[in-house]
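Just so you know, all these numbers are worked out from the coordinates, no wet-lab data involved. Here the structure is a predicted model, which is why all the values come from computation and not from measurement. Positions of Cβ are generated from backbone atoms using ideal geometry, with glycine treated the same way; all protein chains shown enter the neighbour counts.
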Amino acid sequence: MTALLSTVAARLDDLLGVQGFPDYPNAINGLQCENRGTIRAVAAAVDVSADTIRTAGELEATLLLVHHGLFWGGLQPLVGFRLARVRQLLERDVALYSAHLPLDAHPTLGNSRLLAAELGLPPTSGFAMVHGNACGVRGECDRSTADLVAACDAFARTHGGSARSSVVLDGRRTRRWAICSGAGAGTETLAEATAANVDTLIVGEGPHWTAVDAPERDLVIIYAGHYATETLGVRALGAMIAGEFQLPFRFIPSPTGL
């Protein structure tokens with residue numbers, strides 16, 4: 001089976017609602033690089049890189065779905081390794097589609113929602129609001145915080161990373177939790193967590209000061225890895241779109257250790 005790139009890209013745009021979705025300027029959600037127009041197989045990875053492009057080509061995938069696209073570092077001259085990435089995409093006939101916050105905010109494919117399911121935490125509402133869109137989830141439970149840290153660490157290790165937390169007191173229990181994948185600990189999310197009486201915040205990563213501030217907010221932050229916490233959404237998206245178009249699919253692991 002094959003599919004037209006234009007048809008697949010339009011389906012992705014509609015599924016994720018990328019048009020007009022508020023995001024970082026450099027995210028450039030949607031189709032970032034065309035191929036010759038035919039999709040024979042789909043691959044997905046968290047980040048576009050020389051390795052993920054090469055592997056997609058070796059798998060004969062002509063569509064690569066990523067969470068972090070070509071322009072994450074901002075406008076840069078097409079020289080050196082940046083030119084090499086584009087050249088590889090063109091030479092291997094690999095189209096590139098990137099979905100950042102539109103994927104995070106998706107009600108079934110979002111990274112935070114899928115991570116909550118992995119950890120056995122049923123969400124009850126949204127979290128990490130960006131211009132009215134919930135890019136994370138939150139809910140309630142009654143669970144040992146130390147056990148939750150261990151569960152996050154076990155998950156992170158399956159993706160080449162590890163989890164750590166701000167100070168966890170013996171006997172502490174998690175009753176109100178929130179999850180925001182990736183760079184999820186920051187000024188806005190900590191303020192939102194405090195306002196919602198969240199006691200345990202699970203993120204990918206965050207600045208050092210967030211761990212300093214956490215105890216004074218009566219908050220434990222679990223840093224489960226930027227890469228690990230963002231593997232779930234793009235993998236689910238790739239599997240879904242490949243299934244709809246009856247195309248082969250592979251997820252390409254490329255852990256950064258962060």
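Tabulated results
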quantity: Selection from 112, 128, 182, by position along the positive dipole direction of region 105-229 (Cβ); calculated: 112
quantity: Two-site FRET efficiency, residue 157 against residue 246, from Cβ-Cβ distance with R₀ of 41 Å, rounded to 0.05; calculated: 0.75
quantity: Point-charge dipole on Cβ atoms (K/R +1, D/E -1) for the chain, about Cα centre, debye to 20; calculated: 400 debye
quantity: For 85, 217, order by how many other beta-carbon atoms lie within 10 Å, fewest first; calculated: 217, 85
quantity: Cβ-derived FRET efficiency at R0 25 Å, residue 36 paired with residue 81, nearest 0.05; calculated: 0.55
quantity: Of every Cα-Cα pair in region 1-72, the percent that sits beyond 16 Å; calculated: 50 percent
quantity: Charge dipole magnitude, Cβ of K and R +1, D and E -1 - region 105-229, Cα centre, debye nearest 20; calculated: 220 debye
quantity: Mean ellipticity per residue at 222 nm, deg cm²/dmol - from DSSP H runs of n ≥ 4 across the chain, formula -39500 (n - 2.57); calculated: -10000 deg cm²/dmol
quantity: Region 1-115, relative contact order [Cα under 8 Å, separation at least 6], %; calculated: 33 percent
quantity: Label-point gap, in nm, between residue 10 and residue 141 - each point 7 angstrom along Cα→Cβ; calculated: 4.2 nm
quantity: Enclosed volume per residue, in Å³, of the convex hull spanned by Cα atoms of the chain; calculated: 119 Å³
quantity: Amide proton proximity set for residue 137, modelled H, under 5 Å, gap of 5+; calculated: 127, 179
quantity: Phi-based couplings in Hz for region 114-126 (Karplus 6.51, -1.76, 1.60; Gly and Pro marked x); calculated: 5, 5, 4, 5, 4, 8, x, 10, x, x, 10, 7, x
quantity: Using alpha carbons only: equivalent-ellipsoid semi-axes of region 1-130, gyration tensor based, whole Å; calculated: 26, 17, 14
quantity: Segments 57-66, 207-216 sorted - mean Cβ within 10 Å per residue, highest first; calculated: 57-66, 207-216
quantity: Under-5 Å amide H pairs with residue 176, H placed in peptide plane, nonlocal only; calculated: 141, 199, 200
quantity: Highest-first arrangement of 195-204, 221-230, 15-24, 36-45, where packing means the average Cβ count within 10 Å; calculated: 221-230, 195-204, 36-45, 15-24
quantity: Counting DSSP beta bridges with both ends in the chain, the antiparallel % (nearest 5); calculated: 45 percent
quantity: Size descriptor, Kirkwood hydrodynamic radius, that averages inverse alpha-carbon separations across region 137-232, Å; calculated: 12.9 Å
quantity: Pairs of Cα atoms farther than 22 Å apart, region 54-200, %; calculated: 52 percent
